[in-house]
Amino acid sequence: MSKDELILAFESSCDETSVAVIKNGDVILSNIIATQINSHKRFGGVVPEVASRHHVEEITMIIDDALKEAGVDYADLDAVAVTYGPGLVGSLLIGVTAAKTIAYAHHLPLIPVNHMAGHIYAAAFVTKLQYPLLALMVSGGHTELVMLTGPAEFTIIGETRDDAAGEAYDKVGRVIGITYPAGKEIDRLAHLGKDTFDFPRAMDKDDNLDFSFSGLKSAFINTVHHADQKHEKLSREDLAASFQAAVVDVLVDKTMTALKQHRVKQLIVAGGVAANSGLREALSARLAVEMPDVELIVPPLRLCGDNGAMVGAAAHILRGKQVFADATLNAQPNLNFARA
């Protein structure tokens, strides 16, 4: 019987410090996450210096907790994996430094993981992946349609030209008094309101797979400010419902177009905005009618945000392809997949 593969995986790209132990790429033995949301709430968004300081304070304890919960020691590990980009450079460096130190001290191979690949491979904890497949990557920093032609073979076929979807959620949330991060509360309010404002669906009918949310964000803000100047009170529920409908309509329309152009059996929705129930419901409904043969894969809510487990899942694939780094590994804050 072959030995189980055990990977110690680090994630510190933004405002979560996380360390996980992953067995054979799809079994979570531990996944410790220390979130910094309460520290950044008062600023209305992530402050890079504050994030870095928290990572430094937390990471040693989280390593110990991850190993203890998994019931393993360094001698049991087969590799160390770490997110090296994209993300905040200071935050990335904390994880990269910790991972390199452990890999060196315990003579373990080091696996460099693209943060977005991690989000996509969180789907491996749900079901076995079949290539080629399509991923809709939606988060605070990224909105992209990504084709996977094989294991860890990524190509961007559509992306946002300005704001990411999650970024737009946070910006409009601030205007109506919702604290960072705003996505969950806007999603809740949206289910209580109606799409009465008919906000723009930018680029929805364009002959490409790219997105734009900057105009939607501006239309929302202008609507609220105009009402304020006239001392009119607008329904927060209707504002949220109208905004979310505009975002979801474009995401779903572009994804369906991509599915018609690129025949696949599976669609992964990845990233923090994958937790949005409006997006999940709309995609499920459209697929059921137009493409019932395409399997929709959405990671469980606890794996939609940043976490070490997703890094371990991606690292399992990279280890199989003999993708390793050495002591020169550095943070790459602007790392991205290739564009088609």
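Within the range 156-207, the residues that satisfy the criterion of being aromatic (Phe, Trp, Tyr) and within 23 Å of the chain's Cα centre (by Cα) are TYR169, TYR180. Please work out if ASP253 is assigned to a helix (DSSP H, G or I), under 20 Å from PHE199 (Cα atoms) and modelled with pLDDT under 95. In short, no. Scan the range 25-52 residue by residue and report those that are open to solvent by less than 40 Å² (accessible area, probe 1.4 Å) and at pLDDT 95 or above. The answer is GLY25, SER30, ASN31, ILE32. Taken over the range 284-315, the criterion of being crowded, with 22+ Cβ neighbours inside 10 Å, assigned to a helix (DSSP H, G or I) and either modelled with pLDDT under 95 or touching a helix residue (DSSP H, G or I) at 6+ places or on another chain (Cβ under 8 Å) (or both) is satisfied by LEU303, GLY308, ALA309, MET310, VAL311, ALA313, ALA314. You will find that of ILE120, ILE111, the residue that is within 26 Å of THR257 (Cβ to Cβ) and among the β-branched types (Val, Ile, Thr) is ILE120 and no other. Screening the range 53-105 for residues that are open to solvent by 60 Å² or more (accessible area, probe 1.4 Å) and not in a helix (DSSP H, G or I) and picking the one that is nearest to ILE32 (Cα to Cα) gives GLY71. Residues that are polar (S, T, N, Q), in a loop (DSSP other than H, G, I, E, B), touching a residue at least 12 places away in the same chain (Cβ under 8 Å) and closer than 30 Å to MET147 by Cβ: does the range 187-206 have at least one? No: zero hits.
The values are calculated or read from the model by the stated rules, or taken from the named source; none is laboratory data. All of these numbers come straight from a predicted model, not from anything done at the bench. In this analysis, Cβ positions are derived from the backbone assuming ideal geometry, glycine residues included, and neighbour counts consider all displayed protein chains. These area figures cover heavy atoms from the full protein model, side chains too; ligands, DNA and RNA do not enter into them. Shrake-Rupley method; radii C 1.70, N 1.55, O 1.52, S 1.80 Å.
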